[in-house]
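Enquirer: Pasting in a structure now, in structure tokens, and then I'll have a few things to ask.
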Amino acid sequence: QVQLEESGGGSVQAGGSLRLSCTASRYIFSRGCFGWFLQAPGKEREGVATIYTNGGFPYYADSVKGRFIISKDNAKNTVYLQLNSLKPEDTAMYYCAATKSASGFRLKSPDYDLWGQGTQVTVSS
């Protein structure tokens, strides 16, 4: 049984869009916060966006504000990340994560204790 699984990655041209999905078990979805992170080759994992499952404010890294949108569907136990106006520098493995910590909005990897296996996003010029 999958507990946290990402999908929706792929290869697109610069300026294109993708929609990533993170589906969790009902139990996992009850955690306070979900986040999306990315890791480019040779780089540290970085926070992208977070959303609280109780309907709180979303939080975004400065690099994606105005381009990426995080959302959720409680009935489907799913968190989404809409990637718009993609740039080659957005190329990375994208990970979904969950935490019970009240500090999840900080977009810091150590605050998250449950991770998916990732979905690859590749953006070409």
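Enquirer: Please work out whether region 20-92 counts as rounded, prolate or oblate from its C-alpha gyration tensor, where a ≥ b ≥ c are the square roots of the eigenvalues and a/c under 1.5 means rounded, while otherwise a/b larger than b/c means prolate and anything else oblate?
Expert: prolate
Enquirer: With the crude spin-label approximation of a point 7 Å out along Cα→Cβ, what separation in nm comes out for Asn54 versus Gln117?
Expert: 3.3 nm
Enquirer: Which percent of the accessible area of region 1-67 is formed by carbon and sulfur heavy atoms (probe 1.4 angstrom)? Kindly include the intermediate steps, with their values, before the conclusion.
Expert: Numbers: 1790 of 3780 Å².
Of all accessible area on region 1-67, carbon and sulfur atoms account for 47 percent.
Enquirer: Using a Cα-Cα cut-off of under 16 Å, which aspartates and glutamates could be cross-linked to Lys108, ignoring same-chain neighbours fewer than 8 residues away?
Expert: Within the straight-line limit of under 16 Å, Lys108 reaches these aspartates and glutamates: Glu44, Glu46, Asp62.
Enquirer: Next question, about the same structure. Find out how many positive minus negative residues lie around Asp73, taking Lys and Arg as positive, Asp and Glu as negative, among other residues whose Cβ is under 14 Å from that of Asp73.
Expert: Overall, the nearby charge balance is +4.
Enquirer: Another question about this same structure. Sum -39500 (n - 2.57) across every DSSP H segment of at least 4 residues in the chain, then divide by the residue count to get the 222 nm mean residue ellipticity, nearest 500.
Expert: One gets -500 deg cm²/dmol as the mean residue ellipticity at 222 nm.
Enquirer: If you don't mind, there's one more thing I want to ask. What net charge do the residues around Ser109 carry, taking every other residue with its C-beta under 12 Å from that of Ser109, with Lys and Arg at +1 and Asp and Glu at -1?
Expert: Details: positive: Arg45, Arg106, Lys108; negative: Glu44, Glu46, Asp111, Asp113.
Local net charge: -1.
Enquirer: Something else now. Please arrange Thr91, Thr50 by accessible surface area, largest first, computed with a 1.4 Å probe and ligands excluded.
Expert: Result of the area sort, largest leading: Thr91, Thr50.
Enquirer: Going from most exposed to least, what order do Asp90, Asp113, Asp73, Asp62 have by accessible area with a 1.4 Å probe? Numbers along the way, then the final one.
Expert: On the way: Asp90 10, Asp113 100, Asp73 50, Asp62 125 Å².
Putting Asp90, Asp113, Asp73, Asp62 in descending order of accessible area: Asp62, Asp113, Asp73, Asp90.
Enquirer: Hey, can you find the accessible area per residue of the chain for me, probe 1.4 Å, expressed in square angstrom? Intermediate values should be presented prior to the final figure.
Expert: Working: 6540 Å² over 125 residues.
Accessible area per residue, the chain: 52 Å².
Enquirer: With a point put 7 Å past each Cα toward its Cβ, work out how far Glu46 is from Ala14 in nm, to one decimal.
Expert: Each label point lies 7 Å from its Cα, and together they span 1.7 nm.
Enquirer: Suppose a student asked you for the relative contact order of the chain, using Cα pairs under 8 Å spaced at least 6 residues apart; what percent would you report?
Expert: 35 percent
The values are calculated or read from the model by the stated rules, or taken from the named source; none is laboratory data. Source: prediction; values computed, not measured. Don't worry about glycine lacking a Cβ; one is built from the backbone with ideal geometry, like all the others, and counts go over all protein chains shown. Each accessible area value is taken on the protein alone, full model and side chains, heavy atoms only, with ligands, DNA and RNA left out. Shrake-Rupley method; radii C 1.70, N 1.55, O 1.52, S 1.80 Å.
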